[in-house]
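Peer 1: Okay, handing you the structure first.
The values are calculated or read from the model by the stated rules, or taken from the named source; none is laboratory data. No experiment lies behind these values; they were computed from the predicted model shown. FYI the Cβ positions are ideal-geometry reconstructions off the backbone, even for glycines, and counts take in every protein chain you see. Heads up: the accessible areas ignore ligands, DNA and RNA and are worked out on the full protein's heavy atoms, side chains in. Shrake-Rupley method; radii C 1.70, N 1.55, O 1.52, S 1.80 Å.
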Amino acid sequence: MPLVRKNKRCALCGSRSLKEVLSLGSLALANNFLLKNATRMEIKFPLSLVFCDQCSLVQLGHFVDPKILFSNYHYFSGTSKPAERHFKAYSALIKRRFAQQSRGLVIDVGSNDGIFLKNFRGKAMRILGVDPAKNVTKYASKNGVKTISGFFGKKLAEKISKAHGPASLLTANNVLAHTPLLNDFIGGVRLLLKQGGVFVVEAQYVGDLLEKNEFDNIYHEHYFYFSLTSLMALLARHNLRVFDVEMVNTQGGSLRVYIGREEDGRPVSERVKRLLTEEMTRGLDSLKTYRSFANQPQYLKKWLRRFIISLKSKGSKIAGYGAPAKGNTLLQYCNLGPMEIDYIVDTTPIKQGKLTPGSHIPIFAPGHLRKNVPDYILILAWNYADYIMKKERWFSEIGGKFIIPNQNLINGKFLPSPILAIKKKNKINTL
Ligand SMILES: [Zn+2]
(Lines give C-alpha, C1' and ligand atoms only; values in the text may rest on other atoms or scores of the structure.)
Protein backbone atom coordinates (compact mmCIF):
# COMPACT_ATOMS: atom_id res chain seq x y z
CA MET A 1 0.00 0.00 0.00
CA PRO A 2 1.38 3.46 -0.81
CA LEU A 3 1.49 6.07 1.99
CA VAL A 4 -2.01 7.22 1.08
CA ARG A 5 -4.49 6.17 -1.59
CA LYS A 6 -7.72 7.64 -2.82
CA ASN A 7 -10.67 5.42 -1.94
CA LYS A 8 -12.18 4.61 -5.33
CA ARG A 9 -14.13 1.46 -4.52
CA CYS A 10 -16.35 0.84 -1.53
CA ALA A 11 -14.42 -1.22 1.00
CA LEU A 12 -17.56 -3.18 1.82
CA CYS A 13 -19.29 -3.96 -1.49
CA GLY A 14 -16.73 -2.92 -4.11
CA SER A 15 -19.06 -0.42 -5.79
CA ARG A 16 -17.42 2.53 -7.59
CA SER A 17 -20.36 4.72 -6.78
CA LEU A 18 -18.82 6.69 -3.90
CA LYS A 19 -20.11 10.24 -3.38
CA GLU A 20 -18.26 12.88 -1.40
CA VAL A 21 -20.11 14.05 1.70
CA LEU A 22 -17.66 16.28 3.54
CA SER A 23 -14.07 17.52 3.35
CA LEU A 24 -12.10 18.70 6.38
CA GLY A 25 -8.98 19.65 4.38
CA SER A 26 -5.49 18.20 4.91
CA LEU A 27 -4.61 17.31 8.49
CA ALA A 28 -1.67 15.75 10.31
CA LEU A 29 -2.32 12.26 11.72
CA ALA A 30 -4.27 12.62 14.95
CA ASN A 31 -2.06 10.27 16.97
CA ASN A 32 1.29 11.43 15.66
CA PHE A 33 2.45 13.49 18.64
CA LEU A 34 5.63 15.48 18.10
CA LEU A 35 8.72 15.82 20.24
CA LYS A 36 9.22 19.38 21.43
CA ASN A 37 12.28 20.00 19.28
CA ALA A 38 11.02 18.03 16.27
CA THR A 39 12.77 19.06 13.10
CA ARG A 40 11.18 16.61 10.69
CA MET A 41 8.53 17.96 8.35
CA GLU A 42 5.08 16.91 9.40
CA ILE A 43 3.12 15.17 6.66
CA LYS A 44 -0.55 16.08 6.25
CA PHE A 45 -3.12 13.90 4.54
CA PRO A 46 -6.54 14.75 3.08
CA LEU A 47 -9.45 13.99 5.39
CA SER A 48 -12.87 13.60 3.79
CA LEU A 49 -15.96 11.38 3.97
CA VAL A 50 -17.65 9.55 1.11
CA PHE A 51 -20.91 7.62 1.00
CA CYS A 52 -21.59 4.39 -0.91
CA ASP A 53 -25.08 4.50 -2.35
CA GLN A 54 -25.08 0.73 -2.88
CA CYS A 55 -24.52 -0.50 0.70
CA SER A 56 -24.81 2.89 2.51
CA LEU A 57 -21.43 2.64 4.24
CA VAL A 58 -19.87 5.99 5.15
CA GLN A 59 -16.09 5.84 4.74
CA LEU A 60 -13.00 8.02 4.36
CA GLY A 61 -12.20 9.45 0.94
CA HIS A 62 -8.48 8.66 1.40
CA PHE A 63 -6.88 5.73 3.17
CA VAL A 64 -3.53 6.14 4.90
CA ASP A 65 -1.45 2.95 5.16
CA PRO A 66 -2.37 1.27 8.49
CA LYS A 67 1.29 0.45 9.13
CA ILE A 68 1.96 4.17 9.49
CA LEU A 69 -1.10 4.65 11.65
CA PHE A 70 -1.01 1.78 14.09
CA SER A 71 2.46 0.30 14.50
CA ASN A 72 3.35 2.73 17.26
CA TYR A 73 -0.05 3.66 18.53
CA HIS A 74 -0.10 5.93 21.56
CA TYR A 75 -3.46 4.87 22.89
CA PHE A 76 -3.37 2.90 26.12
CA SER A 77 -6.97 2.26 27.09
CA GLY A 78 -6.02 1.44 30.69
CA THR A 79 -4.92 5.01 31.32
CA SER A 80 -8.52 6.16 31.20
CA LYS A 81 -10.63 5.41 34.28
CA PRO A 82 -14.05 5.73 32.56
CA ALA A 83 -12.87 3.29 29.85
CA GLU A 84 -11.74 0.89 32.56
CA ARG A 85 -15.18 1.05 34.17
CA HIS A 86 -16.96 0.62 30.86
CA PHE A 87 -15.06 -2.55 29.95
CA LYS A 88 -15.54 -4.01 33.40
CA ALA A 89 -19.33 -3.60 33.25
CA TYR A 90 -19.41 -4.75 29.62
CA SER A 91 -17.45 -7.94 30.34
CA ALA A 92 -19.64 -8.71 33.38
CA LEU A 93 -22.70 -8.47 31.15
CA ILE A 94 -21.16 -10.79 28.55
CA LYS A 95 -20.14 -13.33 31.19
CA ARG A 96 -23.72 -13.43 32.49
CA ARG A 97 -25.48 -13.54 29.16
CA PHE A 98 -23.06 -15.89 27.39
CA ALA A 99 -21.79 -17.92 30.34
CA GLN A 100 -21.04 -21.01 28.29
CA GLN A 101 -19.15 -19.14 25.56
CA SER A 102 -17.20 -17.16 28.18
CA ARG A 103 -15.78 -20.36 29.58
CA GLY A 104 -14.24 -21.42 26.25
CA LEU A 105 -11.54 -19.68 24.24
CA VAL A 106 -12.10 -15.91 24.42
CA ILE A 107 -10.35 -13.80 21.78
CA ASP A 108 -10.40 -10.01 21.63
CA VAL A 109 -9.24 -8.37 18.41
CA GLY A 110 -7.82 -4.88 18.86
CA SER A 111 -7.24 -5.82 22.49
CA ASN A 112 -4.94 -2.86 23.21
CA ASP A 113 -3.41 -3.19 26.71
CA GLY A 114 -5.86 -5.96 27.69
CA ILE A 115 -8.39 -3.62 29.32
CA PHE A 116 -11.34 -5.82 28.29
CA LEU A 117 -9.77 -9.29 28.29
CA LYS A 118 -8.24 -9.06 31.74
CA ASN A 119 -11.77 -9.26 33.13
CA PHE A 120 -12.01 -12.82 31.75
CA ARG A 121 -8.84 -14.02 33.48
CA GLY A 122 -9.55 -17.11 35.52
CA LYS A 123 -13.07 -17.42 34.12
CA ALA A 124 -12.27 -18.36 30.55
CA MET A 125 -10.47 -21.50 29.52
CA ARG A 126 -8.01 -19.28 27.74
CA ILE A 127 -7.82 -15.66 26.73
CA LEU A 128 -5.95 -14.28 23.77
CA GLY A 129 -5.52 -10.72 22.57
CA VAL A 130 -4.64 -9.55 19.06
CA ASP A 131 -3.37 -6.04 18.37
CA PRO A 132 -1.13 -4.45 15.73
CA ALA A 133 0.59 -1.97 18.06
CA LYS A 134 3.79 -3.62 19.31
CA ASN A 135 4.30 -1.26 22.24
CA VAL A 136 0.89 -2.11 23.73
CA THR A 137 1.01 -5.87 23.06
CA LYS A 138 4.31 -6.14 24.90
CA TYR A 139 2.79 -4.31 27.83
CA ALA A 140 -0.38 -6.47 27.79
CA SER A 141 1.55 -9.76 27.69
CA LYS A 142 3.69 -8.62 30.59
CA ASN A 143 0.50 -7.98 32.52
CA GLY A 144 -0.89 -11.46 32.05
CA VAL A 145 -2.99 -10.98 28.91
CA LYS A 146 -1.26 -13.03 26.23
CA THR A 147 -1.35 -10.89 23.09
CA ILE A 148 -0.29 -11.59 19.52
CA SER A 149 0.86 -8.56 17.57
CA GLY A 150 -0.41 -8.37 14.02
CA PHE A 151 -3.17 -7.12 11.72
CA PHE A 152 -6.19 -9.37 12.00
CA GLY A 153 -7.54 -10.96 8.82
CA LYS A 154 -8.06 -14.39 7.27
CA LYS A 155 -4.37 -15.25 7.35
CA LEU A 156 -3.89 -14.49 11.03
CA ALA A 157 -7.25 -16.10 11.89
CA GLU A 158 -6.10 -19.34 10.27
CA LYS A 159 -2.86 -19.25 12.18
CA ILE A 160 -4.65 -18.66 15.48
CA SER A 161 -7.21 -21.36 14.73
CA LYS A 162 -4.46 -23.90 14.06
CA ALA A 163 -2.56 -23.03 17.22
CA HIS A 164 -5.44 -22.46 19.64
CA GLY A 165 -8.63 -23.81 18.06
CA PRO A 166 -11.83 -21.87 17.28
CA ALA A 167 -13.11 -19.09 19.56
CA SER A 168 -16.36 -19.53 21.45
CA LEU A 169 -16.40 -15.81 22.24
CA LEU A 170 -14.87 -13.29 19.89
CA THR A 171 -14.96 -9.55 20.48
CA ALA A 172 -13.89 -6.47 18.53
CA ASN A 173 -14.33 -3.17 20.35
CA ASN A 174 -13.63 0.10 18.52
CA VAL A 175 -11.58 -1.76 15.97
CA LEU A 176 -13.76 -2.53 12.95
CA ALA A 177 -13.78 1.13 11.95
CA HIS A 178 -9.98 1.08 12.03
CA THR A 179 -9.59 -1.86 9.67
CA PRO A 180 -9.19 -0.91 6.00
CA LEU A 181 -9.66 -4.47 4.69
CA LEU A 182 -13.15 -4.98 6.09
CA ASN A 183 -13.99 -8.18 4.21
CA ASP A 184 -10.69 -9.78 5.11
CA PHE A 185 -11.31 -8.95 8.75
CA ILE A 186 -14.87 -10.32 8.87
CA GLY A 187 -13.75 -13.31 6.74
CA GLY A 188 -11.22 -13.99 9.52
CA VAL A 189 -13.94 -13.74 12.16
CA ARG A 190 -16.11 -16.23 10.30
CA LEU A 191 -13.15 -18.61 10.07
CA LEU A 192 -12.31 -18.37 13.76
CA LEU A 193 -15.82 -18.38 15.23
CA LYS A 194 -16.86 -21.72 16.68
CA GLN A 195 -20.27 -23.21 15.93
CA GLY A 196 -22.64 -21.77 18.53
CA GLY A 197 -20.07 -19.09 19.32
CA VAL A 198 -20.80 -15.39 19.69
CA PHE A 199 -19.07 -12.42 18.09
CA VAL A 200 -19.65 -9.06 19.80
CA VAL A 201 -18.76 -5.77 18.16
CA GLU A 202 -18.72 -2.27 19.58
CA ALA A 203 -18.46 0.45 16.97
CA GLN A 204 -19.15 4.18 16.95
CA TYR A 205 -22.58 4.94 15.57
CA VAL A 206 -22.92 7.17 12.53
CA GLY A 207 -26.41 8.16 13.73
CA ASP A 208 -24.86 9.89 16.74
CA LEU A 209 -22.12 11.46 14.64
CA LEU A 210 -24.85 13.22 12.64
CA GLU A 211 -27.22 14.03 15.45
CA LYS A 212 -24.64 15.40 17.87
CA ASN A 213 -22.37 17.01 15.29
CA GLU A 214 -19.48 14.77 16.30
CA PHE A 215 -17.45 15.54 13.20
CA ASP A 216 -14.27 15.54 15.29
CA ASN A 217 -14.72 11.77 15.53
CA ILE A 218 -13.54 11.77 11.93
CA TYR A 219 -9.80 11.12 11.68
CA HIS A 220 -7.44 9.12 9.49
CA GLU A 221 -7.40 6.03 11.74
CA HIS A 222 -11.17 5.88 11.61
CA TYR A 223 -11.86 4.58 8.09
CA PHE A 224 -15.57 3.66 8.58
CA TYR A 225 -18.70 5.13 10.21
CA PHE A 226 -21.27 2.38 10.69
CA SER A 227 -25.02 2.23 10.84
CA LEU A 228 -26.68 -1.07 11.73
CA THR A 229 -27.83 -1.23 8.10
CA SER A 230 -24.30 -1.07 6.67
CA LEU A 231 -22.85 -3.34 9.36
CA MET A 232 -25.45 -6.00 8.59
CA ALA A 233 -24.69 -5.76 4.88
CA LEU A 234 -21.05 -6.50 5.69
CA LEU A 235 -21.78 -9.43 8.02
CA ALA A 236 -24.31 -11.03 5.67
CA ARG A 237 -21.61 -11.35 3.01
CA HIS A 238 -19.81 -13.72 5.39
CA ASN A 239 -22.82 -15.74 6.53
CA LEU A 240 -22.94 -14.03 9.89
CA ARG A 241 -26.23 -13.00 11.46
CA VAL A 242 -26.92 -10.09 13.80
CA PHE A 243 -29.30 -11.41 16.46
CA ASP A 244 -29.31 -8.49 18.89
CA VAL A 245 -28.17 -4.90 19.23
CA GLU A 246 -28.03 -2.22 21.90
CA MET A 247 -26.89 1.37 22.08
CA VAL A 248 -24.09 2.26 24.47
CA ASN A 249 -22.84 5.75 25.25
CA THR A 250 -19.11 5.21 24.73
CA GLN A 251 -17.25 7.37 22.20
CA GLY A 252 -20.19 9.73 21.85
CA GLY A 253 -22.61 6.88 21.06
CA SER A 254 -21.85 3.37 19.85
CA LEU A 255 -23.60 0.25 18.64
CA ARG A 256 -23.03 -2.99 20.50
CA VAL A 257 -23.94 -5.76 18.11
CA TYR A 258 -24.35 -9.48 18.89
CA ILE A 259 -23.57 -11.83 16.03
CA GLY A 260 -23.66 -15.57 15.42
CA ARG A 261 -23.11 -17.89 12.49
CA GLU A 262 -26.03 -17.78 10.06
CA GLU A 263 -26.58 -21.54 10.28
CA ASP A 264 -26.87 -21.41 14.08
CA GLY A 265 -30.26 -19.86 13.33
CA ARG A 266 -30.56 -17.68 16.44
CA PRO A 267 -33.82 -15.72 16.49
CA VAL A 268 -33.42 -12.01 15.66
CA SER A 269 -34.54 -9.65 18.45
CA GLU A 270 -37.18 -6.95 18.12
CA ARG A 271 -34.48 -4.38 18.89
CA VAL A 272 -32.71 -5.21 15.62
CA LYS A 273 -35.89 -4.78 13.61
CA ARG A 274 -36.78 -1.54 15.38
CA LEU A 275 -33.37 0.04 14.84
CA LEU A 276 -33.36 -0.88 11.14
CA THR A 277 -36.75 0.79 10.69
CA GLU A 278 -35.56 3.84 12.63
CA GLU A 279 -32.48 4.15 10.41
CA MET A 280 -34.65 4.15 7.31
CA THR A 281 -36.90 6.81 8.80
CA ARG A 282 -33.88 8.96 9.67
CA GLY A 283 -32.45 8.52 6.18
CA LEU A 284 -29.19 6.91 7.30
CA ASP A 285 -29.23 5.07 3.97
CA SER A 286 -29.47 8.26 1.94
CA LEU A 287 -26.79 10.58 0.56
CA LYS A 288 -29.00 13.61 1.16
CA THR A 289 -28.92 13.09 4.94
CA TYR A 290 -25.13 13.08 5.03
CA ARG A 291 -24.77 16.04 2.68
CA SER A 292 -26.98 18.15 4.91
CA PHE A 293 -24.75 17.27 7.88
CA ALA A 294 -21.72 18.61 6.02
CA ASN A 295 -22.52 22.25 6.90
CA GLN A 296 -22.32 21.71 10.63
CA PRO A 297 -18.52 21.54 11.05
CA GLN A 298 -18.17 24.90 9.28
CA TYR A 299 -20.58 26.54 11.71
CA LEU A 300 -18.78 25.12 14.67
CA LYS A 301 -15.42 26.24 13.31
CA LYS A 302 -16.64 29.77 12.78
CA TRP A 303 -18.21 30.12 16.19
CA LEU A 304 -15.54 28.35 18.20
CA ARG A 305 -12.77 30.43 16.64
CA ARG A 306 -14.64 33.65 17.14
CA PHE A 307 -15.42 32.76 20.73
CA ILE A 308 -11.88 31.72 21.65
CA ILE A 309 -10.30 34.71 19.95
CA SER A 310 -12.63 37.07 21.81
CA LEU A 311 -11.60 35.44 25.11
CA LYS A 312 -7.94 35.76 24.19
CA SER A 313 -8.35 39.43 23.30
CA LYS A 314 -9.57 39.98 26.89
CA GLY A 315 -6.39 38.36 28.16
CA SER A 316 -7.93 35.03 29.21
CA LYS A 317 -5.81 31.95 29.58
CA ILE A 318 -7.27 28.82 27.96
CA ALA A 319 -6.18 25.23 28.53
CA GLY A 320 -7.37 22.15 26.67
CA TYR A 321 -8.36 18.99 28.54
CA GLY A 322 -7.39 15.75 26.83
CA ALA A 323 -5.44 15.20 23.63
CA PRO A 324 -7.51 12.41 22.05
CA ALA A 325 -7.63 11.83 18.29
CA LYS A 326 -10.90 13.73 18.11
CA GLY A 327 -9.35 16.75 19.83
CA ASN A 328 -6.63 16.83 17.24
CA THR A 329 -9.20 16.87 14.43
CA LEU A 330 -11.07 19.71 16.14
CA LEU A 331 -7.97 21.82 16.83
CA GLN A 332 -6.56 21.40 13.35
CA TYR A 333 -9.83 21.92 11.51
CA CYS A 334 -10.66 25.00 13.60
CA ASN A 335 -7.14 26.34 13.14
CA LEU A 336 -6.41 26.58 16.85
CA GLY A 337 -2.77 26.54 17.95
CA PRO A 338 -0.56 27.70 20.85
CA MET A 339 -1.61 31.32 20.23
CA GLU A 340 -5.19 30.42 21.16
CA ILE A 341 -4.80 27.43 23.50
CA ASP A 342 -2.01 27.99 26.04
CA TYR A 343 -1.48 24.31 26.78
CA ILE A 344 -3.23 20.96 27.00
CA VAL A 345 -3.31 18.41 29.81
CA ASP A 346 -3.68 14.66 29.28
CA THR A 347 -3.45 11.69 31.65
CA THR A 348 -1.51 9.52 29.15
CA PRO A 349 2.18 9.70 30.18
CA ILE A 350 3.40 8.97 26.65
CA LYS A 351 1.73 12.14 25.33
CA GLN A 352 3.06 14.40 28.07
CA GLY A 353 6.03 16.58 27.14
CA LYS A 354 5.08 16.37 23.46
CA LEU A 355 3.22 18.67 21.06
CA THR A 356 -0.17 17.99 19.50
CA PRO A 357 0.04 16.94 15.84
CA GLY A 358 -0.68 19.73 13.37
CA SER A 359 -1.59 22.32 16.00
CA HIS A 360 1.67 22.10 18.06
CA ILE A 361 0.24 22.83 21.51
CA PRO A 362 2.39 21.60 24.44
CA ILE A 363 0.95 18.74 26.53
CA PHE A 364 1.38 18.40 30.30
CA ALA A 365 0.10 16.10 33.05
CA PRO A 366 -3.22 17.24 34.58
CA GLY A 367 -1.39 18.53 37.69
CA HIS A 368 -0.12 21.41 35.54
CA LEU A 369 -3.58 23.01 35.76
CA ARG A 370 -2.99 23.91 39.40
CA LYS A 371 0.45 25.35 38.71
CA ASN A 372 -0.64 27.45 35.77
CA VAL A 373 -4.33 28.04 36.41
CA PRO A 374 -6.32 28.95 33.28
CA ASP A 375 -9.56 30.97 33.09
CA TYR A 376 -11.20 28.48 30.75
CA ILE A 377 -10.81 24.78 30.06
CA LEU A 378 -11.80 23.57 26.61
CA ILE A 379 -12.79 19.91 27.04
CA LEU A 380 -11.42 18.14 23.98
CA ALA A 381 -12.18 14.68 25.37
CA TRP A 382 -15.86 15.68 25.55
CA ASN A 383 -17.08 12.07 25.79
CA TYR A 384 -15.64 12.19 29.33
CA ALA A 385 -16.86 15.73 30.09
CA ASP A 386 -18.88 14.82 33.18
CA TYR A 387 -16.05 12.76 34.59
CA ILE A 388 -13.51 15.52 33.94
CA MET A 389 -15.65 18.25 35.48
CA LYS A 390 -16.18 16.15 38.58
CA LYS A 391 -12.52 15.30 38.87
CA GLU A 392 -11.47 18.94 38.49
CA ARG A 393 -14.27 20.35 40.63
CA TRP A 394 -11.81 22.71 42.34
CA PHE A 395 -11.51 24.59 39.05
CA SER A 396 -15.19 25.58 38.89
CA GLU A 397 -15.10 26.28 42.62
CA ILE A 398 -12.54 29.02 42.06
CA GLY A 399 -14.62 30.47 39.22
CA GLY A 400 -13.06 28.68 36.24
CA LYS A 401 -15.29 27.72 33.33
CA PHE A 402 -15.46 24.63 31.17
CA ILE A 403 -16.20 24.85 27.46
CA ILE A 404 -17.63 21.82 25.69
CA PRO A 405 -17.20 22.44 21.98
CA ASN A 406 -20.24 20.72 20.48
CA GLN A 407 -22.60 20.95 23.43
CA ASN A 408 -25.22 23.20 21.95
CA LEU A 409 -24.96 22.05 18.42
CA ILE A 410 -27.43 19.23 18.53
CA ASN A 411 -29.81 18.13 15.79
CA GLY A 412 -28.24 20.66 13.45
CA LYS A 413 -29.77 23.52 15.45
CA PHE A 414 -27.49 26.25 16.67
CA LEU A 415 -28.36 28.64 19.42
CA PRO A 416 -28.60 32.07 17.80
CA SER A 417 -26.04 33.86 19.95
CA PRO A 418 -23.89 33.31 21.84
CA ILE A 419 -23.36 29.86 20.59
CA LEU A 420 -21.43 27.97 23.16
CA ALA A 421 -22.62 26.44 26.34
CA ILE A 422 -20.40 27.00 29.28
CA LYS A 423 -20.75 24.47 32.01
CA LYS A 424 -20.15 25.88 35.44
CA LYS A 425 -20.65 23.69 38.46
CA ASN A 426 -22.47 21.27 36.16
CA LYS A 427 -25.13 23.78 35.19
CA ILE A 428 -25.34 25.01 31.66
CA ASN A 429 -25.13 28.81 31.40
CA THR A 430 -25.02 30.50 28.07
CA LEU A 431 -22.76 33.46 27.78
ZN1 LIG B 1 -20.72 -0.16 -0.72
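Peer 1: Does any residue of the range 322-332 turn out to be within 24 Å of GLY399 (Cβ to Cβ) and touching a residue at least 40 places away in the same chain (Cβ under 8 Å)?
Peer 2: yes
Peer 1: Those residues that are within 20 Å of PHE151 (Cα to Cα) and within 16 Å of the ligand (Cβ to nearest atom), I need them from the range 22-70; list them, please.
Peer 2: GLN59, LEU60, PHE63
Peer 1: Something else: Among all residue pairs at least 6 apart or on different chains, which show Cβ distances below 7 Å where the first residue, located in the range 80-92, is more than 20 Å from LEU255 (Cβ to Cβ) and the second is of a type in the set (Gly, Ala, Ser) and part of a helix (DSSP H, G or I)?
Peer 2: Short answer, once both residue conditions are applied: GLU84/GLY78.
Peer 1: Hey, another quick one. Looking at the range 327-345, is at least one residue over 19 Å from LEU369 (Cα atoms) and of a type in the set (Gly, Ala, Ser)?
Peer 2: So the first thing to find is which residues in the range 327-345 are over 19 Å from LEU369 (Cα atoms), and the list is 328-336.
Checking which are of a type in the set (Gly, Ala, Ser) leaves us with none.
No, the range 327-345 contains no residue that is over 19 Å from LEU369 (Cα atoms) and of a type in the set (Gly, Ala, Ser).
Peer 1: OK, next. Please enumerate the residues belonging to the range 259-291 that are loosely packed, with under 14 Cβ neighbours inside 10 Å and in a helix (DSSP H, G or I).
Peer 2: Matches in the range 259-291: GLU263, GLU270, LYS273, ARG274, THR277, GLU278, MET280, THR281, LYS288.
Okay, residues lined up against (1) among the basic types (Lys, Arg); (2) closer than 30 Å to PRO46 by Cα:
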| site | (1), (2) |
| --- | --- |
| LYS317 | yes, no |
| LYS326 | yes, yes |
| THR329 | no, yes |
| LYS371 | yes, no |
| ALA381 | no, yes |
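Peer 1: If I filter the range 9-21 down to residues being touching a residue at least 60 places away in the same chain (Cβ under 8 Å), open to solvent by 10 Å² or more (accessible area, probe 1.4 Å) and of a type outside the set (Gly, Ala, Ser), which single residue comes out as farthest from the ligand (Cβ to nearest atom)?
Peer 2: Per the stated criteria, the residue is VAL21.
Peer 1: Given the options GLY188, GLY207, name the one that is assigned by TED's automatic domain parsing to the domain that holds MET247, over 15 Å from the mean Cα position of the chain (by Cα) and not aliphatic (A, V, I, L, M).
Peer 2: None of the others qualify; the one that does is GLY188.
Peer 1: Looking at (1) at pLDDT 95 or above; (2) away from the ligand (no atom under 16 Å from the Cβ), find the lone condition where TYR223 falls short.
Peer 2: (2)
Peer 1: Identify, from the list PHE243, PHE199, PHE215, PHE224, the residue that is touching a His at 6+ places or on another chain (Cβ under 9 Å) and not hydroxyl-bearing (Ser, Thr, Tyr). So that I can check it myself, show each step before the final result.
Peer 2: Numbers: PHE243 fails: touching a His at 6+ places or on another chain (Cβ under 9 Å); PHE199 fails: touching a His at 6+ places or on another chain (Cβ under 9 Å); PHE215 fails: touching a His at 6+ places or on another chain (Cβ under 9 Å).
The match here is PHE224.
Peer 1: Also: Take the range 96-119 and flag every residue that is closer than 19 Å to VAL248 by Cβ, at pLDDT below 95 and not polar (S, T, N, Q).
Peer 2: Once the filter is applied, which keeps residues that are closer than 19 Å to VAL248 by Cβ, at pLDDT below 95 and not polar (S, T, N, Q), the range 96-119 yields GLY110, ILE115, PHE116, LEU117.
Peer 1: Another one. State whether the residues of the range 80-88 include one that is within 17 Å of the chain's Cα centre (by Cα), within 26 Å of ASP208 (Cβ to Cβ), open to solvent by less than 40 Å² (accessible area, probe 1.4 Å) and of a type in the set (D, E, K, R).
Peer 2: no
Peer 1: Among the residues of the range 109-117, are any surrounded by fewer than 20 Cβ atoms within 10 Å (Cβ to Cβ) and either in the same structural domain as LEU169 (by TED's automatic domain parsing) or small (Gly, Ala, Ser) (or both)?
Peer 2: no
To keep it simple, each residue is scored yes or no on (1) in a helix (DSSP H, G or I); (2) open to solvent by 20 Å² or more (accessible area, probe 1.4 Å); (3) among the small types (Gly, Ala, Ser); (4) farther than 19 Å from ARG306 by Cα.
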| residue | (1), (2), (3), (4) |
| --- | --- |
| LYS326 | yes, no, no, yes |
| GLN332 | yes, yes, no, no |
| PRO357 | no, no, no, yes |
| ILE363 | no, no, no, yes |
| ILE377 | no, no, no, no |
| ASN383 | yes, yes, no, yes |
| ASP386 | yes, yes, no, yes |
| MET389 | yes, no, no, yes |
| TRP394 | yes, yes, no, yes |
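Peer 1: Please state which one of VAL200, VAL175 is in contact with a helix residue (DSSP H, G or I) (Cβ under 9 Å, 6 or more places away or on another chain) and at pLDDT 95 or above.
Peer 2: Details: VAL175 fails: at pLDDT 95 or above.
It is VAL200.
Peer 1: Can LEU231 be described as more than 18 Å from the chain's Cα centre (by Cα) and of a type outside the set (Val, Ile, Thr)?
Peer 2: no
Peer 1: Being at pLDDT 95 or above and in a loop (DSSP other than H, G, I, E, B) is the requirement here; does ARG256 meet it?
Peer 2: no
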